[in-house]
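The values are calculated or read from the model by the stated rules, or taken from the named source; none is laboratory data. In this text, all values refer to a predicted model and were calculated from it rather than measured experimentally. Glycine also receives a Cβ, built like all others from the backbone with ideal geometry; neighbour counts cover every protein chain displayed. These accessible areas exclude ligands, DNA and RNA; they are computed on the full protein's heavy atoms, side chains included. Shrake-Rupley method; radii C 1.70, N 1.55, O 1.52, S 1.80 Å.
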Amino acid sequence: MSDYLVVKASRSPELNRRIAAHEIGHAYAARALGSFVEFVTITPVGPYAGRCVRRGVPSPSSLAFLDENANKRVDPAADASSTAKIVSMCAGIGAPAIGVARVEFAEETVRAWVMIVELVAASVCERVMFPDLPVLGAEHDIIEARALASLICSTAHSIDALLAFAEAEAEGLIRIHMGAVEALIEALVEQGTLSGEQADQIISRAIAEENAAAERARRQRWAQEMERAKRFREMNLG
């Protein structure tokens, strides 16, 4: 029996789906925002119940410290020291000083924003899929998100507001294509691990099915409108 099947048997189906929803929140948000997913798994790694490895577009940006190879970002499940590293590095950079043109830090700001959304999307996805349950513990996500927000915001109050904005954006991205998110969760629960390519294929299929359903509904509405117009003409001509 594979490691994942042993783990799956030890968890309740609901817990397994909640963990999958958490990790898919990271993975789906990453793809929605143009980052790349190496793989996502719900097989435990150290003290963590799952793991999502993702990377952004390579860049000479100062945020390259988050990656030693092609801007790769690994969640703390892959490296227990990564949260402390991110917090330390962000503290060393900080928000631009008063009077410094923010446009000079446009790329760093956008990259930090994207990563913040990816981080908070995990708990947001849990809340969307399991609205009556508390989210699973993932304090490291919030610690990292707040550290990254400190590169953009000048006060704790504005950091709180930015994280709320990021959560709203993550929820919007998830709800736009719920079919894709649900399909990813189902596949991850079934297989335990998805490669980035597999995740992309699932997303593409689900969105194609959503588009096809929307087109069928549009055609049906059009046919109904045509039928009503026909009856109206017949009533007036009769």
Is it the case that Tyr28 is aromatic (Phe, Trp, Tyr), farther than 25 Å from Glu169 by Cβ and either crowded, with 16+ Cβ neighbours inside 10 Å or modelled with pLDDT of 85 or more (or both)? no
Restricting region 74-91 to residues that are in contact with a Ser or Thr (Cβ under 8 Å, 6 or more places away or on another chain) and open to solvent by less than 60 Å² (accessible area, probe 1.4 Å), the residue that is modelled with the lowest pLDDT: Pro76
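Among Ser150, Ser158, Ser88, Ser154, which is the only one that is touching a Gly at 6+ places or on another chain (Cβ under 7 Å), among the hydroxyl-bearing types (Ser, Thr, Tyr) and over 30 Å from Ala213 (Cα atoms)?
Every option except Ser150 fails the conditions.
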Would you call Asp132 over 24 Å from Tyr28 (Cβ atoms), of a type outside the set (Gly, Ala, Ser) and free of Cβ contacts under 8 Å to residues at least 60 places away in the same chain? no
Considering only region 140-172, how many residues are more than 30 Å from Ala206 (Cα to Cα), touching a residue at least 24 places away in the same chain (Cβ under 8 Å) and assigned to a helix (DSSP H, G or I)? 7
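Tell me, which residue of region 101-127 that is under 21 Å from Arg51 (Cβ atoms) and β-branched (Val, Ile, Thr) is surrounded by the fewest Cβ atoms within 10 Å (Cβ to Cβ)?
Step by step, filter region 101-127, then rank; the result is Val114.
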Out of Arg175, Arg205, Arg219, Arg231, I need the residue that is closer than 23 Å to Glu14 by Cβ and part of a helix (DSSP H, G or I). Which one? Arg175
For Arg18, state whether it is at pLDDT below 95 and touching an Asp or Glu at 6+ places or on another chain (Cβ under 7 Å). no
Among Gly179, Gly137, Gly192, which is open to solvent by less than 70 Å² (accessible area, probe 1.4 Å) and without any contact (Cβ under 8 Å) to a residue 60 or more places away in the chain? Gly179
